[in-house]
Amino acid sequence: MREMLLSRNKFAGTIPDVFGSMTDLEALFLDINEFTGQIPPSIPSLAEKLWYIYFSVANTSLTDNMNIFCNITSLEEAIADCYGENPEVVCDCCSVCCSDYENSSNLTTKDIGTYNWFGDGKLSGCFRA
């Protein structure tokens, strides 16, 4: 499996730590769910092994420091709730930052290259970092 799109499924609780064995995974979208807690250690460990990865946890309730991803050269796009005065996530290398409390934005899925997965549409509350 190369792409895992789990967006908009109303998943709740912590993200399971099952991604470490998915060595062919290139895109992981966990956004727009009700995840809480932190990013499991297998996700950044997996990202270090891949040549290309998209990772999104925007519009969730995760609270974490995503700077562990910043030294991973294969990270093509990182999207998280790192926008605004009180961001939920710290991410100095995220290419797109979102906020659950901000509705204005002209950014679209086409702008960030995710329209292949989601179709063309607005990313409400998301901005280029």
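Residue 90 fulfils the conditions (1) open to solvent by 20 Å² or more (accessible area, probe 1.4 Å); (2) in contact (Cβ under 8 Å) with a residue 24 or more places away in the chain; (3) over 13 Å from the mean Cα position of the chain (by Cα) except for a single criterion, (3). Here region 49-66 is the region considered, the condition is being touching a strand residue (DSSP E or B) at 6+ places or on another chain (Cβ under 8 Å) and farther than 18 Å from residue 36 by Cα, and the residue that is most open to solvent (accessible area, probe 1.4 Å) is 52. Note on region 1-48: residues that are open to solvent by 50 Å² or more (accessible area, probe 1.4 Å), hydrophobic (A, V, I, L, M, F, W, C) and closer than 20 Å to residue 99 by Cα total 3.
Only residues that are among the small types (Gly, Ala, Ser), within 18 Å of residue 29 (Cα to Cα) and over 14 Å from the mean Cα position of the chain (by Cα) were counted across region 68-87, and they come to 1. Of the residues in region 93-129, how many are polar (S, T, N, Q), under 18 Å from residue 28 (Cα atoms) and either buried (at least 16 other Cβ atoms within 10 Å of the Cβ) or at pLDDT 85 or above (or both)? So the count comes out to 3.
The values are calculated or read from the model by the stated rules, or taken from the named source; none is laboratory data. None of these values were measured; they are calculated from a predicted model. As a convention, Cβ positions derive from the backbone with ideal geometry for all residues, glycine included, and neighbour counts pool all protein chains shown. Note: accessible area is taken over every heavy atom of the protein model, side chains too, but ligands, DNA and RNA are not part of it. Shrake-Rupley method; radii C 1.70, N 1.55, O 1.52, S 1.80 Å.
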